[in-house]
1. Remind me, relative contact order of the range 6-140 in percent, using alpha carbon pairs under 8 angstrom and six or more residues apart?
2. Mean separation of Cα pairs under 8 Å and 6+ residues apart, divided by the residue count of the range 240-357: what relative contact order is that in percent?
3. Hey, what does the equivalent ellipsoid look like for the chain, semi-axes from the Cα gyration tensor as sqrt of 5 times each eigenvalue, largest first, whole Å?
4. How much length, in nm to one decimal, is gained on full extension between ARG122 and ASP361, taken as 0.36 nm per residue of separation minus their Cα-Cα distance?
5. To two decimal places, what compactness ratio does the range 98-142 give when its Cα radius of gyration is scaled by 2.2 N^0.38 Å?
6. Can you pull the one-decimal nm distance between simple spin-label points at GLN161 and THR260, each 7 Å off the Cα toward Cβ?
7. Might you report the magnitude of the Cβ-based charge dipole of the chain about its Cα centre, with Lys and Arg at +1 and Asp and Glu at -1, to the nearest 20 debye?
8. Which percent of the accessible heavy-atom area of the chain goes to carbon and sulfur, probe 1.4 angstrom?
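The values are calculated or read from the model by the stated rules, or taken from the named source; none is laboratory data. Treat the numbers as computed from the prediction; the structure is a model and nothing was measured. Note: ideal-geometry Cβ built from the backbone for every residue, glycine included; neighbour counts use all protein chains shown. Calculation scope for accessible area: heavy atoms of the full protein, side chains included, ligands and nucleic acids excluded. Shrake-Rupley method; radii C 1.70, N 1.55, O 1.52, S 1.80 Å.
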Amino acid sequence: MRFEISKVLDAIEGRVSTDPSLARAVVDLAEVIRWQNLDGGRPASLLRLGMVIDALSRQIGEDSVQVYAIVHRALLSDADLTSNERMVVRRWADDGLVEVLDQPGDRMLEVADLLGLPVLTRARLDGLIGRYPWIGQAGRVLAPVPGAGGPVFIAHVGGGQDPATGSRSPAGVKLLSRQWRCPEPGCALFGGGGGGGAFADLAGTDRGPSEQPPPTLRTGAPTCPRHGARLSDAGQRPRSEVLAVRIGGLVRRRFVLTETEPVAVGRAPDGPGAVQLGQWLNDEARRWISRSHVRFDLGRGGEVVVTDTSTNGSGVRPGGSMVEAERIPLPPQQSRTLGEGDLIELYPGVQVGRAAETASDATYTPNSVMAEAPTMAMRLPRP
Ligand SMILES: [Zn+2]
């Protein structure tokens, strides 16, 4: 089973992120891996993170959702994990996909507060409502517990079982309007501090400025949560906009568009930030949609501009309207600025729009990140 397990861990790797625009919930990895009653297995297992991510996907009704994981440093040498699992967590840490901390303290709550994200935890947080009033809001603190088809969420306080996103706190908005630099060479979270050199790519320090996590304010000033070092202000963070791809009524993935990086979307476009849809398309859609079908640019005024780069052209659904008579053709090589609620349609049922305006509209079961772990599924407790 070892081969399948590493494939699952690879799949989970695509779902951990400290990108403030893409993370959908915050978890403490040291806590998650020990929720033994989720599968009745070993005392600690990294696969439980996959089960929790799947539960979040199901509950939100979206594929490819990502979580922001805080990791206590001790986890990198936790003897209850397999050596393979420890190696994987170390790689995530080196790449800045998770936050590794000597003293996590309440960093999980700080991140949730700054970014307005829900927290997935079994810890009782009632006593902290005075400090973080949103803890009392429905859907902001949920405990994953065993359910019939995998983990389900229950509320500690505030009620509701659906994860709810709030708005970024004023401090979060301020912190995320700037770029930050850590003085520690090769810092994976706030890189560019003079380290890295020839190995910068390998160390994962080339992350874009819009992907930087929120600094911690526990010292009163913007500080690197990993190194405890005071961060320097490296200027304004580029403007960004989160877009979402909806196929067959379901949001399959989100991506971030910045002023400096246009994004190509198509069957199989080239390039580091390109969005490849091939895996979700049927044969007919595959034939129609070009390798690189449309390109999105973010203008200086924050406007999203779409340019058709395809052979067959695209369409615009004004305000998200699904009325065929209202669909506006976007011929090959033409550009258009996205109006409020507009969706770009590459092929019937294959749409891209602003994430906030593009919700899943079908009851649907997202692809499991655990699809490669048949043994895990068999160990699920019976209802
Ligand atoms: Zn640092």
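1. Relative contact order here is 29 percent.
2. 26
3. 33, 26, 21
4. In short, 83.0 nm is gained.
5. In units of the 2.2 N^0.38 Å rule of thumb, it is 1.12.
6. Output for this residue pair reads 4.4 nm.
7. That gives the chain a dipole magnitude of about 480 debye.
8. The computed percentage sits at 50.
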